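In what follows, a structure is listed as structure tokens, so that the remarks can point back to it.
The values are calculated or read from the model by the stated rules, or taken from the named source; none is laboratory data. What you are looking at is a predicted structure, and each value in this text was computed from that prediction instead of being measured. Heads up, the Cβs are rebuilt from the backbone with ideal geometry, glycines too, and the neighbour counts pull from every protein chain shown.
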Amino acid sequence: MPRVKNGVAHHARKNKIMKAAKGGVGARSKLYKAAKENVERGLAYAYRDRRKKKGDFRRLWIVRIGAAARLHDLSYSRMMAGLKAAGIEINRKVLSELAISDADAFAKLAEAAKAHQG
């Protein structure tokens, strides 16, 4: 059986890791083992944080809606409960955008939420 060498594939894998590790400080971008560990950790964080980003944005929208609702003498929870009772189905992303860019439309929604409070 002939001898099988893996040089080309090994170098390709190594180059791929070293290219991904560019920008790292010290050994993390120069030495293969340290670079590999750094890249693997970075990929793991990227995977985790792509999921975490959804929750981060939701929290941001809630803070924005709460701040805008306070200008109309409503808490966030009363605003959302009032909108639900009024039968207005609008998601938090759009609602927070309205709070920033169209204050008049948000004011109308706040009045509708106030009118339908228990």
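Listed values, structure above:
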{"read-out": "Per-region count, region 2-22, residues modelled with pLDDT of 95 or more, assigned to a loop (DSSP other than H, G, I, E, B) and not charged (D, E, K, R)", "value": "1"}
{"read-out": "Region 26-58, residues that are polar (S, T, N, Q) and not in a helix (DSSP H, G or I)", "value": "none"}
{"read-out": "Within region 59-118, helices (runs of 4 or more DSSP H) holding 3 or more residues that are within 22 Å of the chain's Cα centre (by Cα) and exposed (fewer than 14 other Cβ atoms within 10 Å of the Cβ)", "value": "92-101"}
{"read-out": "Selection from region 13-32 of residues that are without any contact (Cβ under 8 Å) to a residue 12 or more places away in the chain, surrounded by 10 or more Cβ atoms within 10 Å (Cβ to Cβ) and either of a type in the set (A, V, I, L, M, F, W, C) or out of contact with any helix residue (DSSP H, G or I) (no Cβ under 7 Å at 6 or more places or on another chain) (or both)", "value": "Arg13, Asn15, Lys16, Lys19, Ala27, Lys30, Leu31"}
{"read-out": "Output for region 19-53, where each listed residue is more than 28 Å from the chain's Cα centre (by Cα) and of a type in the set (A, V, I, L, M)", "value": "Ala27, Leu31, Ala34"}
{"read-out": "Tabulated pairs, region 81-93, first farther than 12 Å from Lys108 by Cβ, second surrounded by 13 or more Cβ atoms within 10 Å (Cβ to Cβ) and β-branched (Val, Ile, Thr), C-beta under 8 angstrom, 6+ apart or interchain", "value": "Arg92/Ile62; Arg92/Ile65"}
